[in-house]
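Nothing in this text is a laboratory measurement; each read-out follows from the coordinates by a stated rule. Just so it is clear, the model here is predicted, and its values are computed rather than measured. Counting neighbours? That spans all protein chains shown, and the Cβs are built from the backbone with ideal geometry, glycine included.
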Amino acid sequence: MKAKILFVLSLLFGLGYINSGLNKIFNYMPVPPDLPEELIKDSMALMEVSWLMPLVAAIEIIGGVLFIPARSRALGAIVILPITVGVLCVHSTVAPSGLPVALFIMAINIWVIIENRRKYLPMISK
């Protein structure tokens, strides 16, 4: 049962990040009208660096694709972790209305990292 729940959450997590990355490239989802002004300013500042948003989009797509299959989920969790930390930071400081969702996303990412902790040991052991 635990494996099925983890698969479903991983599938939704991965698809969410794939969608987010594709939206950064193709811009097909409308921007919500009630975004905080500070978040809009932050987003505009990030878009001033021409290579940054395509890089974030690529990491979201690659991390999302890796996160779905169990075989590559450990790698996907590490690849997508900095983006998830960024999402959590934004929602804890600028847009607190999204904090519960950001915490849930971070919890899924941490759960996958904990479940795969043995795969990371060769990277940190001598």
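Remarks
- Computed label-point distance, nm, for sites LEU52 and MET123 using a 7 Å Cα→Cβ extension: 2.5
- Point-charge dipole on Cβ atoms (K/R +1, D/E -1) for the chain, about Cα centre, debye to 20: 960
- 15 Å beta-carbon shell around PHE13, net charge (K/R +1, D/E -1): 0
- Taking the fewest neighbouring Cβ atoms within 10 Å as the starting point, the ordered list for GLU38, GLU115, GLU48, GLU60 is GLU48, GLU38, GLU115, GLU60.
- The long axis of helix 37-48 is offset from the longest Cα principal axis of the chain by roughly 80 degrees.
- Normalising the average separation of contacting C-alpha pairs (under 8 angstrom, six or more residues apart) by the number of residues puts the relative contact order of the chain at 28 percent.
- Dipole of the chain, positive direction: furthest Cα of ILE40, ALA77, LEU22, with charges on the beta-carbon: ALA77
- Counting only DSSP H runs of at least 4 residues, each contributing -39500 (n - 2.57), and dividing by the residue count of the chain, the helix-based mean residue ellipticity at 222 nm comes to -26000 deg cm²/dmol.
- Eligible lysines near LYS4 by straight Cα distance, threshold 28 Å, same-chain separation 8 or greater: LYS119
- Computed about the Cα centre, the dipole magnitude for the stretch 26-76 is approximately 460 debye when only Lys and Arg (+1) and Asp and Glu (-1) carry charge, each at its Cβ.
- As a proxy for reagent exposure, LYS24, LYS119, LYS126, LYS4 were ordered by neighbouring Cβ count within 10 angstrom, fewest first; the result is LYS126, LYS4, LYS119, LYS24.
- Quarter of the Cα convex hull surface for the stretch 2-124, i.e. its orientation-mean projected area (nm²): 8.3
- What the Cβ-Cβ distance of ASN116 and ASP42 gives, at R0 = 25 Å and to the nearest 0.05, is a FRET efficiency of 0.20.
- Acute angle (nearest 10 degrees) that the helix 99-115 long axis makes with the longest principal axis of the chain, alpha-carbon atoms: 20
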